[in-house]
Amino acid sequence: ITSIASLTPKQNAKFFQNIFEIGRRNKVLNPSKMRGTYGKLMHLLQDAQSPSIAKSLGFTLYKDLVMVKPFLEMRGTSSILDDERLIGATMFIPTRDEYGNIIDRSIVNERVRRKKDLVDELLDEYSGSGPGSGSTITREELLLCIDSISDAIAVVESNVGPVNRMIYLLETNFDQHNKEKGFSLELRGSGNSFSSPSNRYGGGYGFGAFGSSFLSRDSSGPTLSHSHSTQYTFVWQSLHLWREVQMNMHRLW
């Protein structure tokens, strides 16, 4: 075995491509990681794509992300994607319900057991070692594909769940048009801030909504001036927008 340190960069092309591809996939499933490093990684890959640098390197650092569907098609096992058991085998198993209450451990364990049974059934039927299987995929490779789908679903669900609970708490504890004494969402700017009149879109969300203290920054306390109804709408829209962002964030990376 030859050490990669003794080889030229061009001879290590596949190694570098795999390393960068793994880093990008890691970011997809762990958005909170590599906050500063990932940006540098993208700049490096972009620079490496320029003709002059690519010519001096003698190879490209870029490699397409390994995706589940193309990989399964290459191994002749894409039919598993149409198997209804795959839904149960990759489902996200939460420990809290939609209202934030802890789910009984016995229920969680039963769901985990059922999920594992479905995974084993799929592995036995679709892997190359299965009886009558015409695929070339190994049991380990197929398990990796199933786990990859499961991980992607878990990332989305774990990020969307808290937002859904916030929306539920907002809608069940507050009325948009009627404020309860002591629980109003109304905001009033302090100091020399002022409330801006509603614009033609139904609310003062332009720079004027922040009041003059937003520019001078010479007063403490909130600088927004929103009525209860306006603030309710603002929060409701923000949470729904953020839910959509979280549901599609993995596609961004």
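The values are calculated or read from the model by the stated rules, or taken from the named source; none is laboratory data. All of these numbers come straight from a predicted model, not from anything done at the bench. Don't worry about glycine lacking a Cβ; one is built from the backbone with ideal geometry, like all the others, and counts go over all protein chains shown. All accessible areas refer to the heavy atoms of the entire protein, side chains included, with ligands and DNA or RNA removed. Shrake-Rupley method; radii C 1.70, N 1.55, O 1.52, S 1.80 Å.
Calculate the FRET efficiency for ARG25 and GLU186 from the Cβ-Cβ distance with a Förster distance of 35 Å, rounded to the nearest 0.05.
0.15
Label-to-label distance for ASP175 and ASP64 is 5.7 nm, based on points extended 7 Å past Cα in the beta-carbon direction. The loop-placed chymotrypsin sites (Phe, Trp or Tyr not before Pro) in region 1-105, going by DSSP, that have at most 11 neighbouring Cβ atoms within 10 Å of their Cβ come out as TYR99. Suppose the Debye formula is applied to equal point scatterers at every Cα of region 109-179; what is log10 I(q)/I(0) at q = 0.20, 0.22, 0.23 Å⁻¹? Log10 I(q)/I(0), no solvent term: -0.89, -0.97, -1.00.
In whole percent, and with a 1.4 Å probe on the protein chains, what portion of the accessible area of region 1-155 is carbon and sulfur?
The computed percentage sits at 58.
Here MET249 and THR136 are evaluated by their C-beta separation; at R0 = 22 Å the FRET efficiency comes out at 0.05.
With no solvent and one point per C-alpha, what does the Debye sum give as log10 I(q)/I(0) for region 1-143 at q = 0.15 Å⁻¹? Results for region 1-143 at q = 0.15 Å⁻¹ read -0.99. Taking only the Cα atoms of region 17-90, the ratio Rg/Rh comes out at 1.13, with Rh defined as the Kirkwood radius. Listed by chain and number, the lysines whose C-alpha is less than 26 Å from the C-alpha of LYS40, apart from same-chain residues fewer than 8 away, are LYS10, LYS14, LYS27, LYS55, LYS63.
Once the C-beta distance of SER3 and LYS55 is scaled by a Förster radius of 22 Å, the resulting FRET efficiency is 0.25 to the nearest 0.05.
Applying 0.36 nm per residue to the separation of LEU45 and SER32 and subtracting their alpha-carbon distance, the gain on full extension is 2.6 nm. Under a 1.4 Å probe, what is the accessible area of region 1-65 per residue, stated in Å²? The answer is 70 Å² per residue.
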